[in-house]
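Report on the structure given below.
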Ligand code: SF4
Ligand code: ZN
């Protein structure tokens, strides 16, 4: 097959547009979407200091490479932050990859860990949760604690924005998950830019309109080193929703984009349904929160771990 745009040999069939793309045109399309998202949503201003969360996986490493290029052209500073959750046999593969890529790009790199910040690794937290008969899943603990730590690390690094590598698939899965859980407040927090109140570093998602498959191909075509392993805790409803959305896309190409577009059209109307956020300070850790105790300290306190216990 030939590339629909330039006639060279195609490497990818983009079913949702009906195009065939060669390596160059595919890479250009990924880059164009990335930079267009930044411009369209005014994500980064010239001269800003931007933090990027980098796990070492393909999405975050590609995000760091593209942001590095962008920041060079806009005289912005970039700092990479890696969270070591403490997942035996998994994170120890991603972290060296994140470090190597950051070094190659000449980017400052900070590693922060659950163990140092909260007093326990995710593995230890989950073992305690099991002992205590907690009904919460690994991703709930991991997500809450990682968000808190990333925010703290970004703020302490002097960053005014925190970029995360959520791609189209991640975003659509999160939309569906919040529908299924009927969680309006979390649903509202999705979107290209989330600007919480004081103490929170605004989060930006420049890869939100790029399908996961295209990011994976981009990494391969550009020879970008990444960790391709999957978290051993990934499972449950997250995987079921992922499989359902992939099935939908397979049978009805463009479904993922349609779900995203519909959500973006609805989002401005959701604001009135979300409870007003009254900024407070967590009485245990001092991080910003809407109640006396932040969610991270609440979860850890229930397990008698760290400062929250
Ligand atoms: Fe954490 Fe869940 Fe992601 Fe694993 S899959 S890194 S437990 S959020
Ligand atoms: Zn707290």
Compute the relative contact order of region 27-308 as a whole-number percentage, counting only Cα pairs closer than 8 Å that sit 6 or more residues apart in sequence.
22 percent
Prolate/oblate/rounded label for region 160-240 (Cα gyration tensor, a/c 1.5):
oblate
Let a ≥ b ≥ c be the square roots of the eigenvalues of the Cα gyration tensor of region 1-89; is it rounded (a/c under 1.5), or, if not, prolate (a/b larger than b/c) or oblate?
oblate
Cα convex hull of region 230-307, projected area averaged across orientations, nm²
8.4 nm²
Once both axes come from the Cα atoms, what is the angle between helix 255-270 and the longest principal axis of the chain, in degrees from 0 to 90, rounded to 10?
50 degrees
Over the residues of the chain, compute the C-alpha Rg and express it relative to 2.2 N^0.38 Å.
1.01
If you fit an axis through the alpha-carbon atoms of helix 236-251 and take the longest principal axis of the Cα set of the chain, what angle between them do you get, 0 to 90°, nearest 10?
20 degrees
Angle in degrees between helix 91-105 and the longest Cα principal axis of the chain, rounded to the nearest 10
60 degrees
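Quick note: the coordinates plus some simple rules give every number you see, no bench work behind them. None of these values were measured; they are calculated from a predicted model.
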